[in-house]
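For reference, the structure discussed in these notes is given below.
The values are calculated or read from the model by the stated rules, or taken from the named source; none is laboratory data. Fair warning: this is a prediction, and the values are worked out from it, not measured in the lab. Every residue, glycine as well, gets a Cβ built from its backbone with ideal geometry; the counts of neighbours run over all protein chains shown. In case anyone asks, the SASA skips ligands and DNA or RNA and just uses the protein heavy atoms, side chains included. Shrake-Rupley method; radii C 1.70, N 1.55, O 1.52, S 1.80 Å.
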Amino acid sequence: MTNSLNISAPLPPEPNSSPVFRKTVRRQDAAAVETLVRLTGVFNAAEIAIARELVEEHLDKGAIASGYHFLFADGPSGLDGYVCFGPMVATAARFELYWIAVDPGGHRAGLGRKLQKAAEDGARELGAAYLIAETSTRPDYEPARNFYRSLGYQHLGDIPYWYADDDGLCVFGMRL
Ligand SMILES: CC(C)(COP(=O)(O)OP(=O)(O)OC[C@H]1O[C@@H](n2cnc3c(N)ncnc32)[C@H](O)[C@@H]1OP(=O)(O)O)[C@@H](O)C(=O)NCCC(=O)NCCS
């Protein structure tokens with residue numbers, strides 16, 4: 001008599017298993033990052049240029065010398081999202097989340113959360129003790145502020161007039 005339970009059947013995939021993001025930076029990522037951050041609609045021209053420069057600095061100097069570590073989520077037609085983080089010099093293992101962006105067509109589908117968690121793991125592996133995420137106090141950054149709150153980040157404080165008269169600095173932190 002056979003057992004009706006097939007114990008050799010493969011297990012279904014874990015529903016919340018994390019994807020493996022690409023760490024290697026390619027030359028074409030500079031343009032892809034520029035396009036992606038522009039598409040989000042929240043960054044000004046100078047910020048978009050800086051996002052691209054961080055990629056180029058990594059390409060020129062490497063991850064350790066530049067201090068810029070990347071994780072890329074590749075999609076069928078380009079980048080679906082990316083995150084950039086690295087150590088803050090002359091601090092006791094404080095790391096900064098320099099940039100995170102997800103293609104607006106894929107917002108609220110959980111990619112940002114996965115990238116952020118992967119960046120935390122990556123920073124931890126590099127010896128980070130604490131991760132700082134800076135954003136803006138402007139109303140159009142409320143999704144970003146809510147994003148950090150929802151991931152368990154502590155709101156450390158705001159500094160008015162930081163970026164402009166109507167644009168303050170908003171700082172979040174997470175002990176790793
Ligand atoms: C912030 C950002 C990276 C989030 O990416 P995402 O893939 O949409 O985020 P997720 O789907 O993983 O959302 C995780 C949680 O964040 C919060 N959140 C994300 N977007 C939100 C929004 N528009 N409004 C309110 N809460 C939001 C929610 O709590 C969400 O969980 P839920 O969907 O289960 O409610 C994305 O909105 C983005 O690229 N914004 C522009 C760039 C930016 O502001 N970067 C951060 C500051 S530098």
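Side notes on the structure shown:
- Close amide-amide hydrogen proximity is noted between residue 99 and 84, each under 5 Å apart and 5 or more residues distant or on a separate chain (H modeled in the peptide plane; Pro and chain starts excluded).
- Computed from backbone phi, the HN-Hα couplings of segment 32-48 come to 5, 5, 4, 4, 5, 5, 5, 4, 5, x, 9, 9, 7, 4, 5, 5, 4 Hz, rounded to whole numbers (Karplus: 6.51 cos²θ - 1.76 cosθ + 1.60, θ = phi - 60°; Gly and Pro given as x).
- Evaluated with a Cβ-only charge set (Lys, Arg +1; Asp, Glu -1), segment 29-175 carries a dipole of roughly 600 debye about its Cα centre, given to the nearest 20.
- Nearest-ten-degree value, helix 111-125 long axis tilted from longest Cα axis of the chain: 80
- Whole-number percent relative contact order across the chain, with pairs defined as alpha carbons under 8 Å at least 6 apart: 16
- In segment 29-175, taking the dipole from charged Cβ atoms about the Cα centre, the farthest positive-side position among 155, 64, 135 is held by 155.
- Most mobile of 58, 69, 107 in a GNM of the chain (Cα contacts under 10 Å): 107
- Per residue, the accessible area of the chain comes to 60 Å² when a 1.4 Å probe rolls over the protein heavy atoms.
- Rg ratio (alpha-carbon, reference 2.2 N^0.38 Å) - segment 29-175: 1.00
- Portion, in percent, of the accessible area of the chain that falls on carbon or sulfur, probe 1.4 Å: 55
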